[in-house]
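Asks: Pasting a structure here, questions to come.
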Amino acid sequence: MLVILVGNSCTGKTSLKEELLRQGYCAIEASDYIRRAYELKKVNKKEIKLPTNILAMKMILDEYRESLYHAVLTGVRTPSETEFLQKHLKSVLIVAIRADYKKCYERAQKRGRDHFDSFEEFMKRSIASDLQLGLDKLINMADLTITNNGNCMSAFLEDGISALLPFILK
């Protein structure tokens, strides 16, 4: 089964992906393939008709075909990407990870990865980006939703794996 983790920034997607990697899953980051697909399209302008994000999903399928039945994918941002994968794979589980925006803002501040002058700026940039991509629609497509509003990462990971077990043991 391909497990696709989706959610807003700083909800815990990467942490859960790393836990699944420790448990033997193949971990794949879609944004790496989107960058590769973009570069490929720049070189072969007329030959490649697929949209960049769908080309990236095709590249993932081509590279990981057999491993995708025991893999976790992050970095998927649009419904069309998951729909493409669902069309080409027998077993796909979309897992939305949700967290309160205040909690996401606190985590973003701790990481120091992006600089926000205020919670309002964080909200404005996050929501605008997510709406532009259709992330809200993708989250609503999820087969399973896991909430991560706590402060204890080990508890979140334990709860996340417990929630996934009924699906991944089928």
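The values are calculated or read from the model by the stated rules, or taken from the named source; none is laboratory data. If you're wondering where the values come from, they're calculated on a predicted model, not measured in any experiment. Positions of Cβ are generated from backbone atoms using ideal geometry, with glycine treated the same way; all protein chains shown enter the neighbour counts. Each accessible area value is taken on the protein alone, full model and side chains, heavy atoms only, with ligands, DNA and RNA left out. Shrake-Rupley method; radii C 1.70, N 1.55, O 1.52, S 1.80 Å.
Asks: What is the residue count in the stretch 32-54 for residues that are out of contact with any Lys or Arg (no Cβ under 7 Å at 6 or more places or on another chain), within 19 Å of residue 83 (Cβ to Cβ) and in contact (Cβ under 8 Å) with a residue 12 or more places away in the chain?
Replies: The qualifying residues number 6.
Asks: Evaluate the following for residue 126: is it touching a Cys at 6+ places or on another chain (Cβ under 9 Å), touching a residue at least 24 places away in the same chain (Cβ under 8 Å), surrounded by 18 or more Cβ atoms within 10 Å (Cβ to Cβ) and not hydrophobic (A, V, I, L, M, F, W, C)?
Replies: yes
Asks: Moving to a separate point now. Open to solvent by less than 80 Å² (accessible area, probe 1.4 Å), assigned to a strand (DSSP E or B), out of contact with any His (no Cβ under 6 Å at 6 or more places or on another chain) and touching a residue at least 60 places away in the same chain (Cβ under 8 Å): which single residue out of 95, 76 fits that description?
Replies: Answer to the selection: 95.
Asks: So residue 84 passes all but one of these: (1) modelled with pLDDT of 95 or more; (2) in a helix (DSSP H, G or I); (3) under 14 Å from the mean Cα position of the chain (by Cα). Which condition number does it fail?
Replies: Failing condition for residue 84: (3).
Asks: Quick one: in the stretch 147-157, of everything that is outside any loop (DSSP other than H, G, I, E, B) and touching a residue at least 12 places away in the same chain (Cβ under 8 Å), which residue is nearest to residue 20 (Cα to Cα)?
Replies: Only one residue fits best here, namely 157.
Asks: Could we say that residue 102 is more than 17 Å from the chain's Cα centre (by Cα), loosely packed, with under 13 Cβ neighbours inside 10 Å and at pLDDT 95 or above here?
Replies: no
Asks: To continue, here is another question. Pick from the stretch 158-170 the residues that are open to solvent by 80 Å² or more (accessible area, probe 1.4 Å) and either polar (S, T, N, Q) or within 21 Å of residue 18 (Cβ to Cβ) (or both): which of them is modelled with the lowest pLDDT?
Replies: Applying the filter and picking the extreme gives 169.
Asks: Filter the stretch 58-73 down to residues that are crowded, with 20+ Cβ neighbours inside 10 Å, in contact (Cβ under 8 Å) with a residue 40 or more places away in the chain and assigned to a helix (DSSP H, G or I), then give me how many there are.
Replies: Going through the stretch 58-73 one residue at a time, the tally reaches 1.
Asks: Do you know which residues across the stretch 120-146 are modelled with pLDDT of 90 or more, part of a helix (DSSP H, G or I) and among the hydroxyl-bearing types (Ser, Thr, Tyr)?
Replies: Hits for the stretch 120-146: nothing passes.
Asks: Do we find a residue being polar (S, T, N, Q), more than 24 Å from residue 147 (Cβ to Cβ) and out of contact with any strand residue (DSSP E or B) (no Cβ under 9 Å at 6 or more places or on another chain) anywhere in the stretch 69-82?
Replies: Yes - at least one qualifying residue is present in the stretch 69-82.
Asks: Limited to the stretch 6-28, what total is found for residues that are outside any helix (DSSP H, G or I) and either small (Gly, Ala, Ser) or surrounded by 15 or more Cβ atoms within 10 Å (Cβ to Cβ) (or both)?
Replies: Looking only at that region, the number is 12.
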